[in-house]
Amino acid sequence: MNFHRLATTALVAAGSLWVGAVQAEETVVWWDFLGGGDGVRMKQMITDFNAAHAGNVKIDATTLEWGTPFYAKVQTSAAVGEAPDVMTYHASRIPLAVSQGILDEITADDLAKMGVSSSDFASATWDAVTVDGKQYAVPLDTHPIVLYYNRDLLKKAGVLGDDGRPKGMGSRDEFTATLQALKDAGVEFPLGSVTADGNFMFRTVYSLMCQQGGELMTNGKFLTGDNGDKLKNALAVLQDWTKAGLQSTYTDYPATVALFTSGKAAMMINGVWEVPTMTDLAKQGKLFDWGAVEIPVVFDKPCTYADSHTFAIPKNQGKEMSAEKRAAVLEVISWIDKHSLFWATAGHIPAYKPVTDSAEYKAMEPNATYSTLTSNLIFDPKSPLAGIAGPIFDVMSNHFVPTLNGEMDPADAVTSITEELNNM
């Protein structure tokens, strides 16, 4: 199926809606942090947008370095009125940006002009871009972690269901038994995990906390009540798997992907953004029969950590955006969201429900299989300390790595993490 062709069939119609909305071509300055397969796909979408809006709106796009460098540049640029007109932004970083005063509110009138509303998005995803009842971004996608699996190895070990999905996804004991069956069948690493990078493993750990109904922050305090116990439980499960030889130890990100794609690891917990890696290898005949599903329910209920790529409008100090420019920016955001079927080929779950409800999206695999998890999401706590490359990640990372690899007691790790987080 040619998803790029499907995503661009409405180009002429979409462009014609814009004709006459502005008197002269508006150039929208765009910044993003999208590299790899994400970058390739977004560049194509920008090209398509510009073709559909020729003579009316043109995106002038620049890609900057992901993470701290991107957010630091946005902050300094907005302070002197030199930030772009629109930019990609992680939902997890929005509370910090609002506290810094560098994001413009997206009003109800803006949403009406874009033809979108909160009902077009999953409630957790929409809430993630809301601070004190105000919207500061429009979600483009949800990018959670998922469980990748090698059907060939699972079938050989007798743990592949008739539906082509892993058995034992409903409880800790069931999933541990699945891992053990793989080990007994001679699989070197039943589960590949990024155990050498605590920042990445935050995603898995927080998912397991949420499966117990736990939260990292409550009323501005970290790990209050029994939340510390829930963090300890999450760490203990992961440590037990490592000690039993069911999970890879001290494995960095590239090595984890390599373990899985080489067939040494039967399953892997990783982000949906690795779907293109698997798809491309499979097309080249270099990969086994694979799939991806929502992570197992290890505790009480399904829950998965996620973040979202969103579109935000910087608040440029001393530089008022004209009505014509804002209309052009809103058209950019609206058009990209409504044409995000092609973006889904990067593995992400489009945030705009009419896209994920479409027959074309429902035919996409494994996306359609794991997209059901959007009703079971937890995002970062709403705090200026949270988010990608934020201090919460750093504090927890320092303790996650030794704990997951069996060198630190989970209870001791929780005690230290609680003290350090609440001292920040």
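Observations
- Under 19 Å from residue 315, Cα to Cα: aspartates and glutamates that are on another chain or at least 8 residues apart: 26, 32, 60, 82, 85, 104, 105, 109, 110, 132, 324, 331
- Accessible area per residue for the chain, computed on protein heavy atoms with a 1.4 Å probe, is 39 Å².
- For the stretch 174-289, the alpha-carbon radius of gyration amounts to 1.19 times the rule-of-thumb value 2.2 N^0.38 Å expected for a compact globular protein.
- Debye log10 I(q)/I(0) for the stretch 215-348, one point scatterer per Cα, at q = 0.15, 0.21 Å⁻¹: -1.00, -1.30
- Residue 60 long-range amide H proximity, modeled H, under 5 Å: 28, 29, 30
- Leading residue at positive end of dipole, the stretch 289-424 (Cβ point charges), from 410, 393, 308: 308
- Near the amide H of residue 135, within less than 5 Å, lie the amide hydrogens of 106, all on another chain or at least 5 residues away, with H placed in the peptide plane.
- Tilt relative to the chain, helix 323-338 - C-alpha long axis, 0 to 90 degrees, to 10: 40 degrees
- Applied to the stretch 93-105, the Karplus parametrisation 6.51 cos²θ - 1.76 cosθ + 1.60 on θ = phi - 60° returns per-residue 3J(HN,Hα) values of 8, 5, x, 5, 4, 5, 5, 7, x, 10, 10, 8, 5 Hz, with x for Gly and Pro.
- Computed as a quarter of the hull surface, the mean projected area of the alpha carbon convex hull for the stretch 132-206 stands at 8.0 nm².
- Backbone HN-Hα couplings from phi across the stretch 134-141 [Karplus 6.51/-1.76/1.60, Hz, Gly and Pro as x]: 10, 8, 10, 6, 10, x, 9, 7
- Across q = 0.09, 0.10, 0.17, 0.21 Å⁻¹, the stretch 302-424 modelled as identical point scatterers on its alpha-carbon atoms has Debye log10 I(q)/I(0) values of -0.45, -0.55, -1.01, -1.15, in the order of the q list.
- Percentage relative contact order, the stretch 96-168, counting C-alpha pairs under 8 Å, at least six apart: 23 percent
- For the stretch 52-169, a simple Cβ point-charge model (Lys and Arg +1, Asp and Glu -1, everything else neutral) yields a dipole of about 660 debye relative to the Cα centre.
- Reachable lysines from residue 167, criterion Cα separation under 28 angstrom, eight or more residues apart if same chain: 155, 156, 183, 230, 232, 243, 264, 283, 286, 301, 362
- In the chain, a dipole from Cβ-located charges (positive for Lys and Arg, negative for Asp and Glu) runs towards its positive end, and of 367, 144, 98 it is 367 whose Cα lies farthest in that direction.
- Assigned charges on the beta-carbon of Lys, Arg, Asp, Glu; the chain dipole about Cα centre (debye): 660 debye
- Comparing Cα centroids, the stretch 231-266 and the stretch 296-348 end up 32 angstrom apart.
- MRE, 222 nm, helices only [DSSP H, n ≥ 4, -39500 (n - 2.57), over the chain, to nearest 500]: -12500 deg cm²/dmol
- Low-density loop positions, chymotrypsin sites (Phe, Trp or Tyr not before Pro), the stretch 195-242 - DSSP coil, at most 13 other Cβ in 10 Å: none
- Annotation: average projected area of the chain is 19.8 square nanometres, based on the convex hull of Cα atoms across all directions.
- In straight-distance terms, cross-link reach from residue 221 covers every one of the aspartates and glutamates whose alpha-carbon lies under 13 Å from its own, apart from those fewer than eight places away in the same chain; here that gives 419, 420.
- Summed side-chain charge close to residue 134 - residues other than residue 134 whose Cβ falls under 14 Å, Lys, Arg +1, Asp, Glu -1: -4
The values are calculated or read from the model by the stated rules, or taken from the named source; none is laboratory data. Note that the structure is predicted; figures quoted are calculated from it, not measured. Using ideal geometry, Cβ is built from the backbone for each residue, glycine included, and neighbour counts are taken over all protein chains shown. Remember, those area values only see protein heavy atoms, side chains included, never the ligands or the DNA or RNA. Shrake-Rupley method; radii C 1.70, N 1.55, O 1.52, S 1.80 Å.
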